[in-house]
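Visitor: Got a structure here, written out as structure tokens. Questions coming.
The values are calculated or read from the model by the stated rules, or taken from the named source; none is laboratory data. What you are looking at is a predicted structure, and each value in this text was computed from that prediction instead of being measured. Glycine gets a Cβ as well: all are built from the backbone with ideal geometry, and neighbour counts include every protein chain shown.
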Amino acid sequence: MSADSLDIYRLFGLEGKTALVTGGSRGIGRMMTQGLLQAGARVYITARSADVCQQTANELSEFGSCEAIPADINDAEQRQALLSRITATDGKLNILINNAGTVWGDSYENYSVEAFEKVLQLNVTTLFAMTRDFTPLLEITATADEPGRVINIGSMDGLHIPTVHGVGTYAYTASKAAVHHLTRHLAVELGPRHITVNAIAPGFFPSKMTDKIFEHFGEQIKHNSLLGRVGEPEDIAGLAVYLSSRAGAYVHGAVIPVDGGTAINHRHS
């Protein structure tokens, strides 16, 4: 493609693409879903809460075709039902965004093994299982020029150690570092199958998960960002669209921070 023939809409547009966003009913999952819809994709969202999932799909349908399929993706049978539903309806999947995740905070002395295992199960093990299970569907339309896409949501906390004193998120930070490395491992496996695998490492964005943190540490969070602010919906939605579009078709095995420079700000306290 020569420079004078660039079609920006084709470069970033997702017309005709089908996407699945896990944990798509709230927070950055919802933000990314809206971005994909406005770029032209058909988007399925899944989450455990059927009511919230359906309400979000109804609200986002003003931007495009958005369908809710409630499921507990930790459960193998429900993952299979989700896969069967999309296969029967669309017969393909172009974009899988593994966004569903959980966090647990407690003191070092009181941090339970059960909590640690629960976080690792959803954030790492289930992410792997989702990718493995949906790979055949992603392969159906994947080509060298238009690969299938897997986008894993890690965290800046998988790049640095957070500094909120008194409450440790040991399982969360470990799980997100694992997501980043698993992304690279999956990239080696799936690249030859014409599926790109990348991770986004978000900083702080407004969501149900971060409401309490913002309430107590909002000013510190802004101070720790080298850009002096928290994330906005456009920041995460834009990156998701980029990685899903022709513009990002040659990006593979990358972990991309979107945190205003927080993870590299060694002056923060």
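Visitor: Looking at the stretch 185-205 only, could you name the residues that are assigned to a strand (DSSP E or B) and touching a His at 6+ places or on another chain (Cβ under 6 Å)?
Guide: T196, A199
Yes/no matrix, rows are residues, columns are (1) touching a Gly at 6+ places or on another chain (Cβ under 9 Å); (2) more than 21 Å from N98 (Cβ to Cβ):
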| residue | (1), (2) |
| --- | --- |
| L6 | no, yes |
| R10 | no, yes |
| G16 | yes, yes |
| S25 | no, no |
| M32 | yes, no |
| G35 | yes, no |
| V52 | no, no |
| Q55 | no, yes |
| N58 | no, yes |
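Visitor: Restricted to the stretch 35-88, and to residues that are buried (at least 19 other Cβ atoms within 10 Å of the Cβ) and among the basic types (K, R), which residue is nearest to A237 (Cα to Cα)?
Guide: Once the filter is applied, the top-ranked residue is R42.
Visitor: Check off (1) farther than 17 Å from A199 by Cβ; (2) in contact (Cβ under 8 Å) with a residue 60 or more places away in the chain for F63 and give me the number that stays unchecked.
Guide: So F63 meets the others, but not (2).
Visitor: Of all the strands (runs of 3 or more DSSP E) wholly in the stretch 19-113, which have at least 1 residues that are farther than 25 Å from G203 by Cβ?
Guide: By residue number, 42-46, 66-68.
Visitor: Of the residues in the stretch 103-125, how many are of a type outside the set (F, W, Y), at pLDDT 95 or above and under 24 Å from the mean Cα position of the chain (by Cα)?
Guide: The number of residues fulfilling the criteria is 10.
Visitor: So the check is Cβ under 6 Å with 6+ separation or different chains; which pairs have a first residue in the stretch 254-269 that's closer than 11 Å to M156 by Cβ and a second one that's charged (D, E, K, R) and at pLDDT 95 or above?
Guide: V258/D235
Visitor: Pick out the one residue from V255, V241 that is surrounded by fewer than 20 Cβ atoms within 10 Å (Cβ to Cβ), modelled with pLDDT of 95 or more and closer than 19 Å to I95 by Cα.
Guide: Selected residue: V255, the only one of V255, V241 that is surrounded by fewer than 20 Cβ atoms within 10 Å (Cβ to Cβ), modelled with pLDDT of 95 or more and closer than 19 Å to I95 by Cα.
Visitor: List every residue pair whose Cβ atoms sit under 6 Å apart, with the two residues 6 or more apart in sequence or on different chains, where the first one lies in the stretch 172-185 and is farther than 17 Å from N99 by Cβ and the second, anywhere, is not in a helix (DSSP H, G or I).
Guide: Taking only residues 6 or more apart or on different chains, the pairs are R184/G253.
Visitor: So which of D145, D72, D106 ends up being under 22 Å from M32 (Cβ atoms) and not aliphatic (A, V, I, L, M)?
Guide: Just one listed residue meets the conditions, D72.
Visitor: Residues of the stretch 218-238 being surrounded by fewer than 14 Cβ atoms within 10 Å (Cβ to Cβ), under 26 Å from G24 (Cβ atoms), modelled with pLDDT of 90 or more and of a type outside the set (D, E), which ones?
Guide: Listed by number, the list holds a single entry, R229.
Visitor: Of all residues in the stretch 234-257 being part of a helix (DSSP H, G or I) and out of contact with any strand residue (DSSP E or B) (no Cβ under 8 Å at 6 or more places or on another chain), which is farthest from L96 (Cα to Cα)?
Guide: Per the stated criteria, the residue is E234.
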